[in-house]
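Peer 1: Take a look at this one; I'll ask things after.
The values are calculated or read from the model by the stated rules, or taken from the named source; none is laboratory data. Note that the coordinates shown come from a computational prediction; the quantities given were computed from them, not determined experimentally. Virtual Cβ from ideal backbone geometry, glycine too; neighbours counted across all protein chains shown.
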Amino acid sequence: MQQIFVNETPVDNKFIITGEDMHHLVRVVRLKRGEVIRVSVSSTGDNYLCSVSDITDKELTVDVNEQVPSTELPNRIYLFQAIPKGDRMETIIEKCVELGVYEIIPVQMKNCIVKLDDKKKKSKLARYNTVAATAAKQSKRSIIPEVHDFMTFKEAYNYALDLDVLLLPFESKNGMKDTFDVLDSLEKGQSIGIFIGPEGGFDSSEIDLVQDTCKLISLGKRILRTDTAAICTLSMLMIKCEEFI
């Protein structure tokens, strides 16, 4: 089933679809009258199953059949991701959107190998949000998670201080026990921030900054790449948060 995101709620129990979405559904997918699509209102997270009722050269009209439940996790998860090499960031965004992340913040940490100027950051950010939107449609999310503008580590930490729980995979003294204890302590509705370090690891000054407010957790005895660490942490949190639904 095809899915699109719109900004406005239905009017007279209908959605009028134009622009790129209309072109894709009509010219590429070749939807016909009577076929059903899923329409999600990104501003509210409401979802509707709709039937195509009219097709013109410039717009597609769909009638609302029923409202369906949200596919969102009950906890908002914020991923503070160190900028990785190559196209790994796109993989992280795609997979973490599928797993339920609420917002992704690319962070320029001290040991990041990649250094981007303002022009490259702007083009990367546009691409990252396109990847997030595509992944949200594919995974039938109720919202499109935002990829935030790039931040320094200190900016990211200050941004994260308003969240209920902060997690950082590092050298946890009790190993996986600390991870299990953190997962067991989570509550429905809490906002959760995750800091994932770069290929070169966290700088000691970064750990010093956050260690009094972040809970250090383990991801096991093996060394994970930064993209694997992000996906692993999101997977654990998704399974835990699904219990609250």
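Peer 1: Among (1) modelled with pLDDT of 95 or more; (2) among the aliphatic types (A, V, I, L, M); (3) out of contact with any strand residue (DSSP E or B) (no Cβ under 7 Å at 6 or more places or on another chain), which single condition is LEU116 missing?
Peer 2: Every listed condition holds for LEU116 apart from (1).
Let's see how each residue does on (1) in a loop (DSSP other than H, G, I, E, B); (2) of a type in the set (Asp, Glu); (3) within 19 Å of the chain's Cα centre (by Cα); (4) surrounded by 20 or more Cβ atoms within 10 Å (Cβ to Cβ):
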{"site": "ALA156", "(1), (2), (3), (4)": "no, no, yes, yes"}
{"site": "ASP184", "(1), (2), (3), (4)": "no, yes, no, no"}
{"site": "PHE195", "(1), (2), (3), (4)": "no, no, yes, yes"}
{"site": "GLU199", "(1), (2), (3), (4)": "yes, yes, no, no"}
{"site": "PHE202", "(1), (2), (3), (4)": "yes, no, no, yes"}
{"site": "ILE207", "(1), (2), (3), (4)": "no, no, no, no"}
{"site": "THR213", "(1), (2), (3), (4)": "yes, no, no, no"}
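Peer 1: If you don't mind, there's one more thing I want to ask. Would you check if there is a residue in region 222-241 being among the charged types (D, E, K, R) and within 17 Å of GLN81 (Cα to Cα)?
Peer 2: yes
Peer 1: In region 158-182, what count of residues is obtained for those that are within 30 Å of ASP118 (Cβ to Cβ), over 18 Å from the mean Cα position of the chain (by Cα) and assigned to a loop (DSSP other than H, G, I, E, B)?
Peer 2: Total meeting the criteria: 2.
Peer 1: Condition first: part of a helix (DSSP H, G or I) and among the aliphatic types (A, V, I, L, M). Now tell me which residues in region 88-132 satisfy that.
Peer 2: MET89, ILE92, ILE93, VAL97, LEU99, LEU125, ALA126, VAL131, ALA132
Peer 1: Could you pull out the residue among ILE16, ILE92, ILE37 that is hydrophobic (A, V, I, L, M, F, W, C), in the same structural domain as PHE153 (by TED's automatic domain parsing) and touching a strand residue (DSSP E or B) at 6+ places or on another chain (Cβ under 9 Å)?
Peer 2: After applying the criteria, what remains is ILE92.
Peer 1: What's the total number of residues in region 215-245 that are closer than 18 Å to ASP178 by Cα and in a helix (DSSP H, G or I)?
Peer 2: Here the count works out to 12.
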